[in-house]
């Protein structure tokens, strides 16, 4: 029985192979073809379908009858005629009317120019200072609201406070027993908040340089944290796939924001809705209703892990970074605006200043400087690994602009901190803007 079945299958395949019409295009179905043509006509010419009837009604029945009897006009009456005999070309965007035997057909002229905003000119950036002192990867950076100092956290389990003007080490804080992954400085109190892979979230009093509060609740390492700009709330995210909202004063766990399936590595807070935005290794972004304690929207456009989120300090927009590309979104519903493409690596950090400059750092040591409005990359900086480091230790793990937006601080895999600044001698004549509008803009 099995042999007979196999023989029948072989005969069937042989019969199909040696048919005379094998491989030819099947006959077209007339009803399906008419339906396809009708749909195409409605999609392409539906907006001007009523224009012909309106033009004929405005001209009157006599003019329409005369136009139907008259032969179609010729663009060139005679080969020996001059160029002045040609009709003038219509202006861009004008409506072109073709008069023929069947009547008047009005078609809109296709726009030839693209409606693409031109990016603003920004001065190029250059390396200003290299600061050494950490013994491990620099994973977190935060700048003092008074713009006098900044703080860094590293894989050497220490937190270091540096003078912003001179780069001199002012203070070293010890207390974590694993990598420090997140830092935040309070603008309303002399407090510094830190989070690490040891599951600990600490509150440091910088007047006494010691820990005054611990926030217990995470079941695994804490990878990011952010202070609410107007409320006394602290938001942390970690490897236990949740984001927790803490009351800074009472240490109470106000909300536990669940929904992510993997590690929460990107976090941002703002005074307007949504007040909390999280990005996770499960390639999703969640916008949270802080009052209800649940997600108001889930963005699934990314295909890879979302490792960084940055809010614009003035606009109602934010950007997210992933290995596939960076995406710009509009609050409060998370409407997708456009992609920001150019990196060919994993983007670990994002920073935006008030001048519309966005800096993104990747694990290959590249720092891309972008125009915020258009997503145009106007400069690519390549960091240099310090002597004694491996060539692979050129990754950028963290970055932050100072309060003036004129200096960029990056934490890198070669255990150093680099400060970048704008070139004061650059002008639009010495460093012109090289930009061409893209042929097609993908939206996905």
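The values are calculated or read from the model by the stated rules, or taken from the named source; none is laboratory data. Not measured: the values here are computed from a predicted model. Here the Cβ is made from the backbone with ideal geometry for all residues, glycine too, and neighbour counts use every protein chain on show.
Here are some residues: 130, 168, 151. Which one is under 31 Å from the mean Cα position of the chain (by Cα) and more than 24 Å from residue 228 (Cα to Cα)? Before the answer, list the steps.
Details: 168 fails: under 31 Å from the mean Cα position of the chain (by Cα); 151 fails: more than 24 Å from residue 228 (Cα to Cα).
Unique residue meeting the criteria: 130.
Taking the stretch 214-231 on its own, how many of its residues are buried (at least 22 other Cβ atoms within 10 Å of the Cβ) and assigned to a strand (DSSP E or B)?
Matching residues across the stretch 214-231 total 5.
Is it the case that the stretch 358-369 has a residue that's touching a residue at least 60 places away in the same chain (Cβ under 8 Å) and out of contact with any strand residue (DSSP E or B) (no Cβ under 8 Å at 6 or more places or on another chain)?
Scanning the stretch 358-369, I find no residue that is touching a residue at least 60 places away in the same chain (Cβ under 8 Å) and out of contact with any strand residue (DSSP E or B) (no Cβ under 8 Å at 6 or more places or on another chain), so the answer is no.
Kindly indicate whether residue 399 is modelled with pLDDT under 90 and either farther than 24 Å from residue 298 by Cα or buried (at least 22 other Cβ atoms within 10 Å of the Cβ) (or both). Full working, then the answer.
Working: modelled with pLDDT under 90: no; either farther than 24 Å from residue 298 by Cα or buried (at least 22 other Cβ atoms within 10 Å of the Cβ) (or both): yes.
When the stated conditions are applied, residue 399 does not pass them.
Is it true that residue 211 is modelled with pLDDT of 95 or more, surrounded by fewer than 20 Cβ atoms within 10 Å (Cβ to Cβ) and either assigned to a strand (DSSP E or B) or out of contact with any strand residue (DSSP E or B) (no Cβ under 8 Å at 6 or more places or on another chain) (or both)?
Details: modelled with pLDDT of 95 or more: yes; surrounded by fewer than 20 Cβ atoms within 10 Å (Cβ to Cβ): yes; either assigned to a strand (DSSP E or B) or out of contact with any strand residue (DSSP E or B) (no Cβ under 8 Å at 6 or more places or on another chain) (or both): yes.
In short, yes.
In the stretch 308-340, what residues are more than 17 Å from residue 363 (Cβ to Cβ) and assigned to a loop (DSSP other than H, G, I, E, B)?
Answer for the stretch 308-340, where residues must be more than 17 Å from residue 363 (Cβ to Cβ) and assigned to a loop (DSSP other than H, G, I, E, B): 312, 313, 314, 315, 316, 331, 332, 333, 334.
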